[in-house]
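For reference, the structure is listed below as structure tokens.
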Amino acid sequence: MIYITGDTHGDFKRVTQFCEQFKTHQEDILIILGDAGINYSGASIDRKNKKYLSSLPITFFCIHGNHEQRPQTIHTYQQKKWHNGTVYYEEEFPNLLFARDGELFDFNGKQTIVIGGAYSIDKMVRLTYGYGWWADEQPSEEIKAYVEQQLEGLGWGIDVVLSHTAPLKYEPVEVFLPGINQSAVDKSTEIWLDTIEDRLKYWKWYCGHYHTEKKVDRLEIMFENFDTFYNR
């Protein structure tokens, strides 16, 4: 089975309970829609989380969020083909996989594209207190071009989109933090995703990032909820 959930930010209690409740196996897959929280805190804490997750009976497929380092910048990660797309993994933790942005994956016969990254509204706090923040948190122009090239090759039609943030038109403004000046927030990724969504013929779009749960048409924002991967 293939399951999907929103951001975990290094807290895996609900994941553990899910695996116990549904008696998952290593062959099962759990998609985390960004900010998994296992390449964020530094070597010792990250390693502890990875060792714990590697003991769970499931394979993790993680989208790049904005609260984590890109695995390709960490020397312990390697690349391999998995479900027809490229993933990053560490030999010590083979069930913890990170998707390369723009890659196409085949999940149960459904053509699926991955588009990670977003802007961090807590950037200044993290910089001030020495928490992890990385300048490449949002997709680069190179990544954007690769995504568009992939979709062009498909005639701008696909089954499923997995992204961390949402196209601008689907932002859940009702849950925005009141103390944040939205005019100072870099929404270039969301604006770009809007242009993708306008052109794209798709059946389902999943994203995380906003710490809320909401469905609008074919797009679903996930957080602490779980679901089975789209199957029409």
Inset, instruction - State which entries of K50/K215; K144/K201; K144/K214; K51/K187; K81/K123; K50/K81 exceed 24 angstrom in Cα-Cα distance in the structure shown. - result: K50/K215; K144/K214; K51/K187; K81/K123
Inset, instruction - Would you mind pulling out the separation of the Cα centroids of the range 52-85 and the range 135-194, in Å? - result: 21 Å
Legend entry - Distance in nm between pseudo-label sites at S54 and Q111 (7 Å out along the Cβ direction from Cα): 3.6 nm
Legend entry - Stokes-Einstein diffusion coefficient of the range 126-184, Kirkwood radius over Cα pairs, 37 °C, 0.692 mPa s, in µm²/s: 219 µm²/s
Inset, instruction - Can you tell me the dipole magnitude for the chain around its Cα centre, using point charges on the Cβ only (Lys, Arg +1; Asp, Glu -1), in Debye to the nearest 20? - result: 400 debye
Inset, instruction - Run the 1.4 Å probe and let me know the accessible area of R70, rounded to the nearest 10 Å². - result: 10 Å²
Legend entry - Relative packing of peptides 131-144, 151-164 - highest average C-beta neighbours within 10 Å first: 151-164, 131-144
Inset, instruction - Work the Kirkwood hydrodynamic radius out for the chain: mean of 1/r over every pair of different alpha-carbon atoms, inverted, in Å. - result: 17.8 Å
Legend entry - Nearest-0.05 FRET efficiency for Q26 and D227, computed from C-beta distance (R0 22 Å): 0.60
Legend entry - Inter-label distance for E142 and E92, nm, one decimal - labels placed 7 Å from Cα along Cα-to-Cβ: 2.8 nm
Inset, instruction - When you have a sec, figure out the Kirkwood radius of the range 1-128 from all distinct Cα pair distances and drop it here in Å to one decimal? - result: 15.0 Å
Inset, instruction - Rank-order 79-92, 204-217 by packing density, defined as the average count of other C-beta atoms within 10 Å over each peptide's residues, highest first. - result: 204-217, 79-92
Inset, instruction - Calculate the radius of gyration of the Cα atoms of the range 171-219 to one decimal place, then report Dmax, the largest Cα-Cα distance, as a whole number, both in Å. - result: 12.4, 36
Legend entry - Orientation-averaged projected area, Cα convex hull of the range 88-128 (nm²): 4.8 nm²
Legend entry - the range 137-222, Rg to Rh (Cα coordinates; Rh as Kirkwood inverse mean 1/r): 0.97
Inset, instruction - Give me the percent of DSSP beta bridges within the chain that run antiparallel, rounded to the nearest 5. - result: 45 percent
Inset, instruction - Sorted from largest down, give the three principal axis spans of the alpha carbons of the range 49-122, whole angstrom values. - result: 35, 32, 22
Legend entry - Efficiency of FRET between Q78 and W203 - r from beta-carbon atoms, R0 30 angstrom, step 0.05: 0.40
Legend entry - Descending semi-axes in whole angstrom, ellipsoid equivalent of the range 67-194, from the Cα gyration tensor: 27, 21, 12
Inset, instruction - Only bridges with both residues in the range 1-98 count here: give the DSSP antiparallel percent, nearest 5. - result: 40 percent
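The values are calculated or read from the model by the stated rules, or taken from the named source; none is laboratory data. Just so it is clear, the structure is predicted and the values come from calculations on it, not from any experiment. Neighbour counts run over all protein chains shown; Cβ positions are idealised from the backbone, glycine included. Surface accessibility is based on the protein's heavy atoms, side chains included, excluding ligands, DNA and RNA. Shrake-Rupley method; radii C 1.70, N 1.55, O 1.52, S 1.80 Å.
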